[in-house]
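J.: Take this structure, written in structure tokens, and hold onto it; I'll ask about it next.
Every number here is computed from the coordinates shown, using simple stated rules; none is lab data. Given the structure is predicted, the values throughout are model-derived calculations rather than measurements. Note: ideal-geometry Cβ built from the backbone for every residue, glycine included; neighbour counts use all protein chains shown.
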Ligand code: NAD
């Protein structure tokens, strides 16, 4: 594997499993020092990285809480002395419900984690880049539900649309400081989140694979690689972009 992140420090949130764990392993295999951050235990991810000879530090973070997010960025600076890139990927799904029956507390929790969480991470990471004066790259995880409606998922759809707005604003505001900000929009991907949704709503097990032209779910690794590329110098001219990684599902 190319060591194109040698000497770089990268934060990944939602790194305990799924797409974030795959991205953490890939960044580390490419030479990055990775802050492996999640609200859940990240031992499986950190063990996989160190067993493969990579370097990382575990971080317990709640992306919905600003002090926790600021402490995550500070951990990168204290441990490795700098920050070069971040993959703001933590997110949750929610119970399917018609909008008029949606649970208000659940709406607030999803917005707090999926939208405000992206804002808080961008805010703290960009502040570190600006103070360093070195530029940097950030990728936020949106979703196909960031550009089309996911029926019965008002909060998730609104939050993922909002993430794209934040990404565009940040890309515009910080372009002159060599800070690139992009979004990755996964389609149905075989992760613990999607497996749990299909377990809770068995009809989804029929519908979701059929929603992709190939009939198969994406692997977490295939989505992670798109995010890793967007963070790499190879994507140096890409900013404010929404990269759909769904095997062609949305373009039908
Ligand atoms: P996942 O459940 O495996 O990973 C999400 C991670 O986020 C978990 O490890 C979880 O502990 C963490 N997390 C949740 N709340 C947090 C918080 N408050 N602070 C810090 N970490 C928190 O699921 P995944 O599918 O890998 O999801 C990654 C991202 O991809 C999410 O943003 C999700 O919305 C998005 N996404 C997934 C799919 C899919 O089909 N799997 C499709 C589109 C978008």
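J.: By average Cβ neighbour count within 10 Å, what is the ranking of 208-214, 131-137 from highest down? Let's see the in-between values first.
T.: Values: 208-214: 14.3, 131-137: 16.1.
Answer by packing, highest mean first, reads 131-137, 208-214.
J.: To continue, here is another question. Please state the relative contact order of segment 19-87 as a whole percent: Cα pairs under 8 Å, 6+ residues apart?
T.: Numbers: 80 pairs, mean separation 19.1, N = 69.
Averaging sequence separation for qualifying contacts and normalising by length gives 28 percent for segment 19-87.
J.: Return a whole-number percent for the relative contact order of the chain, with Cα pairs under 8 Å and 6 or more residues apart as the contact set. Each step should come with its number before you reach the end.
T.: Values: 513 pairs, mean separation 47.8, N = 252.
Result for the chain is 19 percent.
J.: Given the -39500 (n - 2.57) contribution per DSSP H run of 4+ residues, what per-residue ellipticity at 222 nm results for the chain, rounded to the nearest 500 deg cm²/dmol? Intermediate results must be reported in sequence, preceding the final value.
T.: On the way: 9 runs with 110 residues, N = 252.
Calculated at 222 nm, the ellipticity per residue is -13500 deg cm²/dmol.
J.: Take the Cα radius of gyration of segment 25-92 and divide it by 2.2 N^0.38 Å, with N its residue count; two decimals is plenty.
T.: Numbers: Rg = 11.6 Å, N = 68, 2.2 N^0.38 = 10.9 Å.
Rounded to two decimals, the normalised Rg is 1.06.
J.: Before anything else, pin down the relative contact order of segment 39-153: Cα pairs under 8 Å, at least 6 apart, normalised by residue count, whole percent. Write out the running numbers ahead of the final one.
T.: Numbers: 108 pairs, mean separation 36.1, N = 115.
Once divided by the residue count of segment 39-153, the mean separation gives 31 percent.
J.: When 1/r is averaged over all different Cα pairs and the result inverted, which Kirkwood radius in Å belongs to the chain?
T.: Details: mean 1/r = 0.0556 Å⁻¹.
After inverting the pairwise mean of 1/r, the radius is 18.0 Å.
J.: Let me know the whole percent of all Cα-Cα pairs from segment 75-185 that are separated by more than 23 Å. Write out the running numbers ahead of the final one.
T.: On the way: 2029 of 6105 pairs.
In whole percent, the share of Cα-Cα pairs in segment 75-185 beyond 23 Å is 33.
J.: How much FRET efficiency would the formula 1/(1 + (r/R0)^6) give for residue 99 and residue 252, where r is the Cβ-Cβ distance and R0 is 25 Å, rounded to 0.05? Mind showing how you got there, number by number?
T.: Details: r = 25 Å, r/R0 = 1.01.
With a Förster radius of 25 Å, E is 0.50.
J.: Shifting gears a bit: Quick one: what Rg and Dmax do you get for segment 1-145 from the alpha carbons, in Å?
T.: Gyration radius and largest Cα-Cα distance of segment 1-145: 15.5, 51 Å.
J.: Can you grab the distance from the C-alpha centre of segment 81-110 to the C-alpha centre of segment 189-252, Å, no decimals?
T.: For segment 81-110 versus segment 189-252, the Cα centre distance is 17 Å.
J.: Given 4 °C and 1.567 mPa s, how large is the Stokes-Einstein diffusion coefficient of segment 153-252 in µm²/s, with Rh as the Kirkwood radius over Cα pairs? Write down the numbers at each step before the final one.
T.: Values: Rh = 15.0 Å.
Answer from the Stokes-Einstein relation: 86 µm²/s.
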